[in-house]
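In what follows, a structure is listed as structure tokens, so that the remarks can point back to it.
Please treat every number below as a calculation from the coordinates, not as lab data. None of the values given here were measured: they were computed from a predicted structure. Positions of Cβ are backbone-derived with ideal geometry, glycine not excepted, and every protein chain shown enters the neighbour counts.
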Amino acid sequence: MNALLETQSAKLLSAMPVVKNFESKLAALNDWWGKIALIGKINSHNVATTILDDMHRTQNKFGELQKQLTRNLLIENVQKLVLDNSSKAQVAIDLLIRNLFERTADVGFLATDQDIREFLILEQPSAEQELFIENRLQEYVKKYSVYDEIIVFDTQGRMKAHLNKINPIRFSNDPLLAETLASDQDYLETFRYTDIQSNRLHSLIYSCKITRTDDKHSEILGVLCLCFRFDDEMKGIFDGLLMPGDHGTIAITNAEGRVIASSDERLLPLNTGLKSDQPVRIVSYRRQDYIINTRSTTGYQGFFGLGWRGLMMTALDKAFSNDESSASANNYVDIIDQASTFPKELRDIRKASADINTDLGLLVLNGQIASARKKAAEFMPVLEAIKQIGSDITGIFTASVNCLQEVTVMSSHLNNAGFLASLAVDIMDRNLYERANDCRWWALTSAFRRCLAGTDLSFVASRQITEILQYINALYTVYTNLYLYDRHGRILAVSDPKQQALVGMMLDEASGAAEALKNGDAQSYSVSSFATTPLYRERHTYIYNAAITDLDNPKQILGGIGIVFDSEPQFQSMLNDVLPRDKHSKVFAGCFAVFAAPDKSIIGVANNAMLKIGDKLDLDDACFSLKAGQRLSKIVQYQGVNYVLGIAASKGYREYKVADAYRNDVMAVIFIPF
């Protein structure tokens with residue numbers, strides 16, 4: 001940003017209405033000062049010229065102070081814009097990367113699905129067998145609606161089964177198939193045009209080879225391709241980040257700096273080249289200047305994707321159009337003056353202008369005394385006029401600093417706090433969406449359904465179930481344990497060997513198992529309340545459940561699966577990821593965040609050792625009256641400290657908590673000391 005300020009300060013200042021207004025008012029007063037002083041020189045020869053000379057020097061002091069204030073107005077306005085725009089660019093790419101990380105586990109798991117393996121082994125599958133596997137894939141997409149196509153290829157590139165009947169694929173020569181077959185990687189990630197989805201401009205595909213057994217070196221049977229709904233996902237991210245009245249455009253660029261997703265394709269079309277190593281810069285685009293912020297992903301769980309970046313672009317003539325009228329609605333000046341985050345230079349400027357005006361008052365008083373002695377009554381109005389001008393100049397300095405405090409600095413803090421809270425709860429909804437999908441999909445595992453169909457679970461069947469659960473849990477590490485239970489709610493097998501003692505335990509109502517066993521619909525799931533449970537070593541968590549039904553008679557419920565979410569570290573990580581940080585990526589001192597239920601009970605906390613899961617958050621009731629998707633920000637005093645508070649209510653993600661029957665209102669609360 002420093003380079004931008006040094007090289008583009010004139011252009012930036014010309015785009016700031018608050019600076020233009022400030023400078024035009026001072027220019028008018030300075031011009032009037034000059035005219036008044038000239039009148040005084042012409043008509044008041046009896047008064048010592050040193051008085052006017054001293055007043056001229058005072059005027060010059062105001063001029064030097066004006067340069068300082070202009071510089072600070074420039075810095076603070078640019079910092080606010082860079083903070084706002086960089087945050088949106090960062091969130092756009094990081095939300096996407098978080099989502100795509102889940103896909104890397106999905107493709108590895110689905111490629112080991114025994115039904116798909118058995119289907120590929122068949123030399124000439126029947127129409128009934130093809131329908132079975134396509135229904136199997138369809139069930140997967142019903143759970144994971146982030147995919148618009150799943151394709152199973154044999155080793156020769158022949159399509160054996162897929163979902164989207166509009167897609168004319170029968171055979172593919174795309175090199176990604178050969179690369180996948182030859183790769184020792186768990187998956188390949190490909191983004192470009194491909195004949196695999198020939199009716200699309202581009203596709204984001206996760207591919208994995210399908211082997212006869214879980215040993216990656218066993219016989220290769222084919223390739224699985226999961227086609228991610230990239231354009232649909234980006235629209236959701238962009239819509240969530242751009243608020244009404246935002247002037248900017250958000251985009252994702254590839255490693256070569258070309259746009260692959262844009263919130264406004266008319267202004268910023270796909271494939272537009274915007275590569276640069278500068279995180280913030282001004283560029284001329286379509287005969288207009290834009291300020292562009294570019295951010296690389298911070299990664300997630302060691303996953304960084306394909307080197308994509310988030311980008312925010314704002315027209316320079318709209319970038320600093322602050323609403324000055326909003327300053328009068330709040331009285332934050334006294335609070336801001338006490339805040340360590342408010343620049344000392346600005347406080348000093350306001351004090352210096354008052355001091356200069358005091359000195360000017362003394363000069364005027366001396367002039368009045370001298371005029372009285374010399375009987376130069378004609379000089380009195382000149383002195384009064386200059387005194388009034390000095391007072392007006394000081395008023396402009398004070399108003400400008402106050403405006404900067406409330407409109408720029410304060411609104412920046414408030415907007416950022418609300419934005420971070422909204423981001424935190426969005427991350428939570430997206431994460432738990434995956435959990436609701438996981439339990440329903442794993443409940444359809446054919447081996448589980450066959451084993452539970454017997455009258456008694458044999459040792460071999462129990463071992464098979466345990467091995468599958470362990471394999472799944474190794475891929476999906478956000479769970480402390482996965483377990484299967486019978487139709488009576490008795491645990492039959494667990495994924496964690498250290499929790500083997502749970503086998504045989506009867507699940508209670510609070511686990512969510514009883515609710516799952518009432519509904520065999522493959523789209524249904526149940527979730528426990530957020531409470532302490534022996535299944536999570538007497539700590540608070542959510543347990544996701546889904547019924548397991550008979551293969552031949554899907555209406556017959558055989559049992560269920562429970563997956564224990566590792567809530568404490570997972571929620572802490574989500575919250576910690578959104579806390580504001582300094583340039584060294586260290587969380588600002590005193591900042592903390594919580595997830596809380598409508599009754600104010602804490603379900604997640606980051607960076608505050610004094611707050612415990614299950615405690616009540618001591619905040620005003622109004623903070624917990626927000627409706628789904630709403631957010632607010634304000635100044636509060638919490639435990640004797642002033643904070644900028646951001647709070648947002650969950651709204652769900654895709655069909656999760658939106659179109660399904662599950663309701664779970666959660667608030668994210670961000671505390672930033674001020």
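The table below lists the values:
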item	result
Environment charge of Asn173, counting only residues whose C-beta is closer than 13 Å and scoring Lys/Arg +1, Asp/Glu -1	-1
Entries in Lys351/Lys387; Lys235/Lys651; Lys35/Lys67; Lys80/Lys627 that, when Cα-Cα distance is taken, lie over 20 Å	Lys35/Lys67; Lys80/Lys627
3J(HN,Hα) from dihedral phi, the stretch 655-666, Karplus parametrisation 6.51/-1.76/1.60, rounded to Hz, x for glycine, proline	7, 5, 6, 10, 10, 8, 8, 7, 10, 7, 6, 9
Order by protection proxy (mean Cβ within 10 Å, highest first), peptides 536-549, 475-488	536-549, 475-488
Sum of -39500 (n - 2.57) over DSSP H runs of 4+, divided by residues of the chain (222 nm, nearest 500)	-14500 deg cm²/dmol
Sorted peptide list for 105-113, 638-646, criterion being average Cβ within 10 angstrom, highest first	105-113, 638-646
Exposure proxy ranking, count of Cβ atoms within 10 Å, fewest first, for Met16, Met380	Met380, Met16
Under 21 Å from the Cα of Lys275 - lysines, other chains or at least 8 residues apart	Lys88
Label-point separation, Ala501 to Lys555 (7 Å along Cα→Cβ), nm	4.3
Computed over the chain: relative contact order in percent, which uses C-alpha pairs under 8 Å that are six or more apart	12
Candidate values (1) 198; (2) 362; (3) 166, label of the one derived for volume of the Cα convex hull per residue in Å³	(3)
Ellipsoid semi-axes in whole angstrom, largest first, where each is sqrt(5λ) of the Cα gyration tensor of the stretch 98-155	23, 13, 8
Between helix 17-43 and the chain: long-axis angle, C-alpha atoms, 0 to 90°, nearest 10	0
Proxy reagent accessibility, fewest Cβ within 10 Å first, across Glu134, Glu128, Glu149, Glu265	Glu128, Glu265, Glu134, Glu149
Using alpha-carbon coordinates, inclination of helix 344-374 to the longest axis of the chain, degrees	10
